[in-house]
Each structure stands twice: as structure tokens, then as C-alpha cells.
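Structure first, then comments.
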Amino acid sequence: MTTHDWYVEHREAYVARSLEPGEERAFRNHLVHCDECARGTDRLARELGWLGMAVDPVPPEPGRARRMASVILARRNRWRRWLPLAAAAALALAAGGAALGGRSERRELRTLLAEREGELAALQDTLSVLRRAHQVLQTRISMDGHEGGLLIFQDAVSHRWCVIVHGLPPAPAGSVYQFWFITETGMVRSVEVNADTRRPAFMTLPMPGVAAPVMGAALTMEPVVNRSSEPRGVTLAHLVF
Amino acid sequence: MPRPVPPRQGGADPPDAAPGGSRRFALAGEASLRRRLVARDEQALVELIEAASPWLLGVTRSMLADHDEADEVVLEVFASAWDRASGLGDENEMLLPWLLRIARNRALDRLRGRRRRRLKLARADAYGELPPAQAGPAEVDEAALPGWHVHESVHGALAGLPEEQRSVVRLAYFRGLTHSEIARELAIPVGTVKTRLRLAFGKLRVALAPIKDWVL
């Protein structure tokens, strides 16, 4: 057996991380030089990535996603405050190492380009729904002295809606804005809306996976603890096509 | 000790089910979610967390047996995904297995750090088990969980392995033990551990292959 054969034979163990610490370090070093093993372990890791789903899921908890997102975004904003200083430091470093700086600049530009392309694709996607919309519904919503509204563009081609909620203040503590589809057989819970008076919330939503036709939509204010299939809170908007 | 796993509900929604609530992700397709994450759409982050967190929490809580620590790991995973959103352009790799992989690796790092400190081993032993092969999946509102059918397939693939191979996979993949540690735990030679692991992963790759087209 050649050294390479040993690595081929131990790809599964590397992906499972069951190699001994020394072996794992050696394997990692080998991957730097061996494209074949790098591709092989990468493929294996992708294939076996699903294995994590053998474990039973933890049932969704109302408001969890929004809480986690808030923590992540708040952390990111904290970092943003230091960005000017970090940028200044980066500039100083760049001035000190022109060759390295050039490479780093290219990488940053590529990242920036990828972000802009992503933004453009998302905008094009949203615009395609708005442009193709064959029905538009809107209603005003008054909330705590704020005048806002709900606007729905229905695109029959892609079977998606562009939903815009604007002018509403953030939901009070313990409550969430809940968007619902109205179908012939009842209400179907959709997304929670992150409202903010400073900017509208844009959502592109596919039709819910139910057989009954969708007839309209509603926006309610629900207590965070309510995960029932029917709205129980205050109805803020009710639109029927 | 294995967790008690009640029999699966026969398709009826429990009283507090949210029909269709999260199913939209499978319908929406992953490409649009990726694009919106790259575009720093904060709602997309919420949707990603909604869809993936039940599975990530499932695997991290099972591995770490500590809810707070598992929650921390999952938060780190999503923060890392958000920070690296511009690199999510590789559509050959599905988001969910990618996130699961990161979550498992981070949970493993913590487990190993914990082992090094020789702490909490007893609790890991108590909770680190997967449901037994003959049991069905846990009672969850499956209609509201995107990926439930994937869970059933993966659960089934694992349950289809011979017990001696399944136990090696469980110890390696979900408890992060090395070959020699597994050999000690099961009182078998290291060579046997390696063979069983290789055979098991070979079978699992075949069994999991049809899943690759499922997207978040």
C-alpha cells in the first residue's frame, strides 16, 4: 500500500473526524497537496452531510428564529462601529505590503462584486413579480398612531406574491406581526413580519403547500406563544381577491 | 440511555399544528434564498433559521446534551453563515447539509474540549444516543417541518445498517470518538472499527444518494 492509498482508505474516517489527532493533522496536510483526495473528501462530506438529519429535530419555537437573527444582526452592528478603525488599520497594513495588498484588494473586490450580483439578482427577482402581477391589493393599517399599509402583488406566472408591509412600528414585546394566507378551507400561517417604520418589509412568498385555492391574506398581531393554526390575535388587515 | 420515541402520528395535525407554516422553503427553492442571503436580506436570515434550526438544534443537543451550549453552537453557525453569505454561491452544495456539517464540527470541537477537561462525560453518555433502529421518529408536527421526509430517509438508512456498523457510526459521527476510543468503548480491535466504519459509510452513501436533490 502506498502512502496515497492510506489516505484514500481513510477518507471516510477523516470526514467523520474519527482519525487520531496526529493522523488528522497529517491528512489535513496531505489535502493541501493532493487535489484528488481534496475533491474526494469534499464529495464525501457533502454526501454524508445529510447524516445529521438522522437525529430528531427540535420542534420550532415561536419567535426563536427572529430572536436568533436579532442577536446575530446586533453583533454584526457592534462590529460595524469598529469598521472605520479596522479600515484605517487595513489601509496602513496595505501601504506596508504592496504585493499582499494587491491580492487582498482583488479578493475584496471579488467579494463585493458577488454581493452586488446577489443584490441585483434579488432585485430582479422581486421586480419580475411586481412587473408580472396581474392583481394588486392594498389596505391601510393604523397602529399606535402610525399610518402604514399592506400591499400585495399577485404573480400568476410564478405563483408567488410580493408582499410589502410599510409604515408599521416594531411589534410590542411578546407579540409578532403574523401574515396568513386565506384559503377556501381556512387560514394558513405564513411568515412573521419584521416591521419597522423606517423601511418597508419586502417578502416574496410562494403559495402555501395546501390543495385549497388561496383567496386572500390577513395580517394579525399574535402573541409570541401562539403557534396555533388559526389566528387568535387582533386582525390588522384582511384582504380577499 | 436512548430517548423514548413515541410512535409517529398518522398524518393528523396536532391541535397546535401550523399547517404549511414552514413548507414554503421547499417550494421557494434554495436559489432564491441564497441570492437573498448574499444580498444581505435580513428576512432571508430569519427564514434560513426558521427552516434549519430544528435540525441543527436536534444534532447539537443530541451531541452536547446541554441545551444552552447547543443553542450557542447553532447561533454561531448561523452567524458564521451570515458573515460568509457572499461565499454561498456554490450551488453544488445544499445549504442544509452544509450547515449541519458546520454545526457537527463545532459541537465536536466542544465535545473534545470537554473530554480533555474530563467533564460531563457521564451526561454525554446518557444523551448522546440516537433513537433505536426499531423506533420511529419522534413526535413532532412533521407537516410544519421542511425536511421531515429527509429525516425519515436518513433515519431509515441508519436503521438499515447492521447493529455493529450502526453503533460504530453513532460513536464516530455523533459522539466524535476516534478509532482507538471506539475500539476501547466496544472492546474490539481498531482494524475492525475501521472496516465497520468504511462499510457503513459506503452503504450510507448509496442510501443517501437520492436525497441530494432535496433543497432547503
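The values are calculated or read from the model by the stated rules, or taken from the named source; none is laboratory data. The structure displayed is predicted, hence computed values, not measured ones. Don't worry about glycine lacking a Cβ; one is built from the backbone with ideal geometry, like all the others, and counts go over all protein chains shown.
For the reader, a short list of remarks on this structure follows.
- Residues of region A:176-229 satisfying the condition of being surrounded by fewer than 17 Cβ atoms within 10 Å (Cβ to Cβ) and among the basic types (Lys, Arg): A:198, A:199
- Residue that is farthest from the other protein chains (Cβ to nearest Cβ), among those in region A:230-241 that are assigned to a loop (DSSP other than H, G, I, E, B) and surrounded by fewer than 14 Cβ atoms within 10 Å (Cβ to Cβ): A:241
- Of the helices (runs of 4 or more DSSP H) entirely within region A:1-96, those holding at least 3 residues that are closer than 30 Å to residue B:61 by Cβ and at pLDDT 90 or above occupy A:11-16, A:21-33.
- Pairing each residue of region B:25-39 that is more than 7 Å from every other protein chain (Cβ to nearest Cβ) with any residue that is modelled with pLDDT of 80 or more and in a helix (DSSP H, G or I), provided the two are 6+ apart or on different chains, yields C-beta distances under 6 Å for B:25/B:51; B:30/B:95; B:33/B:44; B:37/B:44.
- Considering the conditions (1) touching a residue at least 12 places away in the same chain (Cβ under 8 Å); (2) within 20 Å of residue A:49 (Cβ to Cβ), residue B:194 is excluded by exactly one of them, (2).
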